[in-house]
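Written out below as structure tokens is the structure these notes cover.
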Amino acid sequence: VGMKSYNYFRVFNRWGQLVFSTNKLNDGWDGRFGGADQGNGVYVWMIEGITRDNRVISKKGTVTLIR
């Protein structure tokens with residue numbers, strides 16, 4: 001909320017392999033990599049974006065994929 005653009009949004013698996021990357025607003029990871037569903041587990045996400053008042057904000061966290 002309040003972001004005007006993304007510098008990057010990335011998702012990594014537990015081995016540090018990049019499984020998703022975008023810089024487009026409203027693009028999200030669908031739980032797939034290379035056309036294949038990824039397994040249950042914890043994935044790390046990182047995002048850096050620019051707010052509407054031109055501040056650079058970076059965040060990171062984890063998400064658990066459950067199928």
Picking from W15, W45, W29, which residue would you name as being surrounded by 10 or more Cβ atoms within 10 Å (Cβ to Cβ) and in a loop (DSSP other than H, G, I, E, B)? W29
Return the pair list, or none, for Cβ contacts closer than 6 Å from residues in segment 1-27 that are in contact (Cβ under 8 Å) with a residue 12 or more places away in the chain and under 15 Å from Q38 (Cα atoms) to residues that are open to solvent by less than 70 Å² (accessible area, probe 1.4 Å) and part of a loop (DSSP other than H, G, I, E, B), at least 6 apart or on different chains. V11/W29; V19/N13; F20/W29
Total residues in segment 29-53, condition touching a residue at least 40 places away in the same chain (Cβ under 8 Å) and out of contact with any Phe, Trp or Tyr (no Cβ under 6 Å at 6 or more places or on another chain): 3
Residue list for segment 32-42, filter: part of a strand (DSSP E or B) and open to solvent by less than 40 Å² (accessible area, probe 1.4 Å): G41
Go through (1) open to solvent by less than 50 Å² (accessible area, probe 1.4 Å); (2) in a strand (DSSP E or B); (3) of a type outside the set (A, V, I, L, M, F, W, C) and name the single condition K59 misses. (1)
Being at positive phi and among the charged types (D, E, K, R) is the filter here; which residues of segment 29-56 pass it? none
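The values are calculated or read from the model by the stated rules, or taken from the named source; none is laboratory data. Everything numeric here is computed off the predicted structure, so don't read it as measured data. Ideal geometry is used to build each Cβ from the backbone, glycine not excepted, and the neighbour counts take in all protein chains shown. These area figures cover heavy atoms from the full protein model, side chains too; ligands, DNA and RNA do not enter into them. Shrake-Rupley method; radii C 1.70, N 1.55, O 1.52, S 1.80 Å.
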